[in-house]
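Computed from the coordinates by the stated procedures, all read-outs in this text should not be read as laboratory data. For clarity, every value in this text was computed on a predicted model and none was experimentally measured. Here the Cβ positions follow ideal geometry from the backbone for every residue, glycine too, while neighbour counts run over all protein chains shown.
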Amino acid sequence: MEKPREVLVIGGNRYIGKRLIRRLLAAGDRVTVLNRGSATPPPGTVHLVADRDDENSLRAALGSRTFDAVVDQVCYTPRQAVVARRVFTGRTRRYVMTSTVEVYEYEDSPALVTEAAVNPRTVRIDTELPWDDPEFRDVHYGEGKRQAEAVLAADPGFPYVAVRVAHVLGGDDDFTGRLAHYAERIRTGAPIAVPAVNRPATYIHVEEIAGFLAWTVGEDFTGPVNAASHGVLGTGDLCEAVAAQVPGGRVVLRGVEVGEVSPFSFTRSYGMDNARATRLGFPFGDVRQWLPKAVAEVLGT
């Protein structure tokens, strides 16, 4: 029998993370979960408690442990990436960071965007910015992820993967409230604010991204990779799917020039090209096929 893989998951006790852990355990992997201790990881895992921002705390918790792969679900800043690279160099064969479509926030292209649009080796790193300020970090979410990728890419010998995740939908434990926002407005017939010029985006189901991350653990490619289902959706497509689960509901889209718009309404294209991952062998689903199921899961219908 093959020796079970040793996999460390940093963060990830809910939503995507718990599904990833479930898949790894089902595959026979030995899974260690590291977090600050605020949540108990799923049964069958080893639990380590540490502050991932504190290098000494992290090293003390890990001890002499080594891993076949690390999946970092909560690396948001270059400072965190600096600590992670120092701690895990020589300790893991593979380091998988969950990144985001938001790294492309300055790429407004009608064509689907490839990984080459943001080369982490050319991204300027500034660890002196106030990354410890939660408000600053939230406002600069895409920049934080870009710079975190850049830190990992700066060492050619560090075996990292940056999974740039599309907008995630589905699951009865979706905590974002984004589809619920649409459901409430459709139920009451209230206007749904969208930009006057409203662009589409790519999406991925929560189970699909968990499967993608689990698949990535066992592969040997490195560098950035886009993770998105086939196909794009506009706000209207999402609203139609929600309306199908809200009897008597009515979709009223209202274009606005300024001001806040609904959660999945974009003034620029948010479409990612998934060709690299497809060539590497991952079989993405089609967004229009799983969308009705995702909406039903979130709305509990």
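Mind ordering 157-164, 137-144, 256-263 by average Cβ neighbours within 10 Å, highest first? Spell out each step's value before the answer.
Working: 157-164: 20.5, 137-144: 17.0, 256-263: 12.5.
Final packing ranking: 157-164, 137-144, 256-263.
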Seminar exercise, completed: With the dipole of the chain defined by +1 on each Lys or Arg Cβ and -1 on each Asp or Glu Cβ, the option from 256, 11, 235 whose Cα lies farthest towards the positive pole is 11
For this session: Averaged over every viewing direction, what's the projected area of the C-alpha convex hull for the stretch 1-110? Give it in nm², one decimal, please.
Result: 8.7
Exercise. Just for the Cα atoms in the stretch 56-108, what are the lengths along the principal axes, largest first, rounded to whole Å?
Worked result: 46, 22, 15
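Where does the stretch 1-42 land on Rg(C-alpha)/(2.2 N^0.38 Å)?
1.16
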Seminar exercise, completed: The lysines whose Cα lies under 29 Å from the Cα of residue 3, excluding any fewer than 8 residues away in the same chain, are 18
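To one decimal place, what orientation-averaged projected area in nm² is obtained for the convex hull of the Cα set of the stretch 105-239? Don't jump to the answer; show the numbers that get you there.
Working: hull surface 42.4 nm².
In nm², the orientation-averaged hull projection of the stretch 105-239 is 10.6.
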Exercise. Most fluctuating residue of 22, 124, 85 in a GNM of the chain with Cα springs under 10 Å: which is it?
Worked result: 124
Exercise. Over what distance in Å are the Cα centres of the stretch 168-219 and the stretch 33-49 separated?
Worked result: 27
Problem set entry | Share of alpha-carbon pairs per 5 Å distance bin for the stretch 141-198, given as whole % | 4, 12, 14, 13, 15, 12, 10, 8, 6, 3, 1, 0
For this session: For the chain, with a Gaussian network of springs between Cα atoms less than 10 Å apart, report the residue from 219, 128, 207 with the top mean-square fluctuation.
Result: 128
Exercise. DSSP H helices in the chain with Cα extent of 20 Å or more along the helix axis and mean Kyte-Doolittle hydropathy at least -1.0?
Worked result: none
For this session: Report Rg (one decimal) and Dmax (nearest whole number) for the chain, counting Cα atoms only, units Å.
Result: 19.7, 62
Problem set entry | the chain: most fluctuating residue of 110, 195, 78 per GNM, C-alpha cutoff 10 Å | 110
Problem set entry | Euclidean distance between Cα centres, the stretch 75-120 to the stretch 240-279, Å | 25
Seminar exercise, completed: The answer for residue 223, listing residues at least 5 apart or on another chain whose modeled amide H is closer than 5 Å to its amide H, is 160, 161, 162
Problem set entry | Rounded to the nearest 20 debye, dipole of the chain from Cβ charges on Lys, Arg, Asp, Glu | 660
Problem set entry | Mean projected area in nm² (Cα convex hull; one quarter of hull surface) for the stretch 200-301 | 7.8
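Counting Lys and Arg as +1 and Asp and Glu as -1, what is the net charge of the other residues whose Cβ lies under 15 Å from the Cβ of residue 230?
Cβ neighbours under 15 Å give a net charge of -1.
Could you tell me which chymotrypsin sites (Phe, Trp or Tyr not before Pro) in the stretch 195-259 are loop residues by DSSP with no more than 14 other beta carbons within 10 angstrom of their beta carbon?
The qualifying sites are 221.
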Exercise. Hey, what's the per residue convex hull volume over the C-alpha atoms of the stretch 61-140, in cubic angstrom?
Worked result: 128
Exercise. Separation between the residue 279 and residue 219 pseudo-spin-labels, each 7 Å from Cα along Cα→Cβ, expressed in nm?
Worked result: 1.2
